[in-house]
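Below is one structure, written out as structure tokens; comments come after it.
The values are calculated or read from the model by the stated rules, or taken from the named source; none is laboratory data. These numbers were taken from a predicted model, which means no experiment stands behind them. Glycine also receives a Cβ, built like all others from the backbone with ideal geometry; neighbour counts cover every protein chain displayed. All accessible areas refer to the heavy atoms of the entire protein, side chains included, with ligands and DNA or RNA removed. Shrake-Rupley method; radii C 1.70, N 1.55, O 1.52, S 1.80 Å.
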Amino acid sequence: MDKTDQDAIDGSALELNRTERTVETVLRVASMALSIAGLVIMIKNSISNEFGSLSYSSLGAFKYLANANGVCAAYSLLSAIYVIAIPCPISKLRVWTFFLLDQVVTYAVLAAGTVSAETVYLAYKGNLAITWSSACDYYGVFCHKALISVMFTFLVSILYMLLSLISSYRLFSRFEAPKQ
């Protein structure tokens, strides 16, 4: 292999690295924006009518959703800044750190979306077996906003699943398994 072939290989590897970093940054910024949108919608979600008052803070699932979206937005911002501002060579510690934190955020946001989706489902449908009627008949706007926030959270979950795939690919394709 002559020098031009090696330069072409190095250039394509560098380009792949740039493309990989660009995709990762876009996913992190998009997840940050969606997390903030879901957070703001949920925090501003309250209603008062002749049946009473209802706020997101009245339900534990929605408080968890707001907290998970806040943590995800903060982590997404910090990790995007780190990916953009510090394009240092890929070290094993950095790759493991991103891999582990991406996993934690993915599962936390997915859990928040799941438990909140169940709460929204019960609010819309009720549970006739325990004579729990639909709350959305009385608090329709609240339920609609909660549903939108949950949908944003699931979109964030999908983006973080993609980020987890990227970080796991980066980890397991570039570093060998530990020897026993």
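Legend: translational diffusion of the chain by Stokes-Einstein, Rh = Kirkwood radius over C-alpha pairs, 10 °C, 1.306 mPa s; D = 86 µm²/s.
For a Förster distance of 22 Å, can you work out the FRET efficiency between the beta-carbons of Y124 and N49, rounded to the nearest 0.05?
The computed FRET efficiency comes out at 0.80.
With all protein chains kept in place, the per residue accessible area of the chain amounts to 59 square angstrom at a probe of 1.4 angstrom.
One decimal place: the segment R21-A33 gains 2.5 nm when fully extended, by the rule 0.36 nm per residue minus the C-alpha distance.
Based on the Cβ-Cβ distance of I148 and F172, what FRET efficiency does E = 1/(1 + (r/R0)^6) give at R0 = 30 Å, to the nearest 0.05? Efficiency computed from Cβ-Cβ geometry: 0.25. Highest GNM mean-square fluctuation among V105, V23, V156, for the chain modelled with Cα contacts below 10 Å: V23. Distances between placed amide hydrogens fall under 5 Å for G126 paired with A135, all partners being 5 or more residues away or on another chain.
Listed by chain and number, the lysines placed with their C-alpha closer than 29 angstrom to that of K145 are K44, K63, K125; residues fewer than eight positions away on the same chain are left out.
Across the chain, C-alpha contacts under 8 Å between residues 6 or more apart give a mean separation that, scaled by the residue count, equals a relative contact order of 31 percent. Across the stretch 34-81, C-alpha contacts under 8 Å between residues 6 or more apart give a mean separation that, scaled by the residue count, equals a relative contact order of 41 percent.
Between S31, S53, S157, the GNM of the chain built on Cα springs shorter than 10 angstrom shows S53 fluctuating the most. Considering only A111, A146, A85, the Gaussian network model of the chain with Cα springs below 10 Å gives its largest mean-square fluctuation to A85.
With the simple model of a label 7 Å out from the Cα in the direction of the Cβ, I81 to V40 spans 1.9 nm.
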